[in-house]
Every structure is written in C-alpha cells, then in structure tokens.
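Structure, as structure tokens:
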Amino acid sequence: MTASPPPDYVAPHGLLAGRSVLLTAAAGSGIGSATARRCVEEGARVMISDRHERRLQETADELGVPCVVSDVTDEASVRAMFDAAATELGGIDVLVNNAGLGGTAEVHEMTDEQWATVLDVTLTGTFRCTRAALEHMYERGSGVIVNNASVLGWRAQAGQAHYAAAKAGVMALTRCSAIEAAPRGVRVNAVSPSIAMHANLAKVTSDELLDELTSREAFGRAAEPWEIANVIVFLASDYSSYLAGETISASSQRA
C-alpha cells in the first residue's frame, strides 16, 4: 500500500486565546510537546511538566514557556505542580493529562511490578492529576480536562495487557468524572490515538512492530504528533462545548 503524505501543518486560529493550559509529560518530541506547541500557537498561556528534567527544560526553552518537574506517581509532586501552575498562570483553565508508560510483556510472563508500574503512571497518575484539577476548577466554576487514552483501550494487541487495561481505565475515568464535573461547569473528554510517530517512540519500539502497526492504518502512515495535538486543542476549545465524557478516536486504523 502506498502511504499518503502527511498534510500541511494547519495554521492557528486563536482557539485558546486567553486560556491557561497545564500539560503533563510534555518534554521531548511526542504528543505532549506537540500539544504544548499548538496551544501556544492558538494563543494560550502554557506551562509544561515532566519528570525528565533535562528534556523538560530543553522543550520549555524551545517553546518559551515555564515548566515544572513533576512525577504523576507521587501525590506531593502532583500537588506542587498544580500550585506552581496556578501561581504562574493565574489559574488553570485546561489540563491535558498526557503522562503514560508502556512496555511489552505477555500475561503469563508479566510480573506484578510490570503491571503495577504501568497502571500507576498511566491510570492512577491520570486520576491524581484529574482529582487535583477538579478541586481547582470547581472553585473557579469552569475548566476543561483532556485525557490521552489509546485505541488499545478498545482493541487487542499481544504483549500490551497492562497498557490496554490502563488506557481502558482512562476512558472509564473520563466518562465517570465527566458526569460528576459537568454540573459544575467542567468538561472532561479524551483522545484515543493509534500510532503517532516521534523520536522517542522509535527508540523503544522495533522497526518490525512499527511497520506492522503502520500497515493497519488507512493512510498507510503513522500520525504526526501535531495531528493528535489538533484533536486535543479542539477538545480544549469552545468548539467542543457540548462534549462530556467522550473519547475521540484520532486514528485511521482498520477495525
């Protein structure tokens, strides 16, 4: 199959003008940093966070935004991140929960530690940040949370039981927290990518698996990280004002 070329980069339209945005796991070259860039381009005040201090500072310097080192597996670190963001940004209008951790192990060989580590970062980390954001946003009477899920929350892939279970949990957390939050003026939704190619993914994934995953895509290519970021920006903006608890599949993957 001949791959379709990536589209031209979409020009900004001021969708987040005047908004303040906090993003987790936004260092490096992946979806988080691409989303931070798009939010800046769309007029938002942005703070990024990550537990990788060097890469975080490099990304913050490149984008010209403030940053805070944070570990979503540690409650005190999460609270400190929200305090720093609220002070730096004058409040938090949007939270993008991007932190997640993968790995490959079949169930019969998977250790308790492998299972628990992926769940703690990917699902419980999203819960910790969502809880902190809701407390802040409820006081303000408004806000938006966008979670990064995955098509593996719906679909099966060998060696990914822990990651798939975590992402399915993120989808369920999105639905339930959205129902609680909507009467208080807060929207919670999620994006579900299949494969977005970036340097960090290429380092930890074999060429064979990347080729296999790409072959499932209708366009014959992986998404560009900014294509996923565009969907996140849409969910963060007023264009999605009537969406609550939804998970949008940002994927061309065949069923």
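The values are calculated or read from the model by the stated rules, or taken from the named source; none is laboratory data. Quantities reported herein were computed from a predicted structural model and do not represent experimental measurements. Virtual Cβ from ideal backbone geometry, glycine too; neighbours counted across all protein chains shown.
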Q | Failed item, numbered, when ALA17 is tested on (1) of a type in the set (A, V, I, L, M, F, W, C); (2) free of Cβ contacts under 8 Å to residues at least 40 places away in the same chain; (3) more than 23 Å from ASP238 (Cβ to Cβ); (4) in a loop (DSSP other than H, G, I, E, B) | A | (3)
(Q) Being of a type in the set (Lys, Arg) and surrounded by fewer than 23 Cβ atoms within 10 Å (Cβ to Cβ) is the filter here; which residues of segment 170-194 pass it? (A) ARG175, ARG184
Q: Give segment 203-236 a look and list any residue that's of a type outside the set (S, T, N, Q), within 21 Å of the chain's Cα centre (by Cα), modelled with pLDDT under 90 and part of a helix (DSSP H, G or I), or say none.
A: LYS203, VAL204, LEU210, LEU213
Q.
Condition check: farther than 13 Å from LEU22 by Cα and touching a Ser or Thr at 6+ places or on another chain (Cβ under 6 Å). Does GLY100 satisfy that?
A. yes
Q: Evaluate the following for SER4: is it under 18 Å from ASN148 (Cβ atoms) and either of a type in the set (S, T, N, Q) or surrounded by fewer than 16 Cβ atoms within 10 Å (Cβ to Cβ) (or both)?
A: no
Q: Could you look through segment 132-169, keep only residues that are among the basic types (Lys, Arg) and either touching a Gly at 6+ places or on another chain (Cβ under 6 Å) or assigned to a helix (DSSP H, G or I) (or both), and pick out the one that is farthest from PRO183 (Cα to Cα)?
A: LYS167
Q. Take the residues of segment 66-116 that are within 21 Å of ALA36 (Cα to Cα) and charged (D, E, K, R): which is surrounded by the fewest Cβ atoms within 10 Å (Cβ to Cβ)?
A. ASP83
**Q.** Selected residue (only one of ASN200, ASN148, ASN189 is modelled with pLDDT of 95 or more, among the polar types (S, T, N, Q), under 20 Å from the mean Cα position of the chain (by Cα) and within 18 Å of SER29 (Cβ to Cβ))
**A.** ASN148
Q: Filter the strands (runs of 3 or more DSSP E) completely within segment 30-131 down to those with at least 2 residues that are more than 27 Å from ALA222 (Cα to Cα).
A: 45-50, 67-69
Q: Answer yes if at least one residue in segment 22-39 is surrounded by fewer than 18 Cβ atoms within 10 Å (Cβ to Cβ), within 30 Å of GLY141 (Cβ to Cβ) and under 20 Å from the mean Cα position of the chain (by Cα), and no otherwise.
A: no
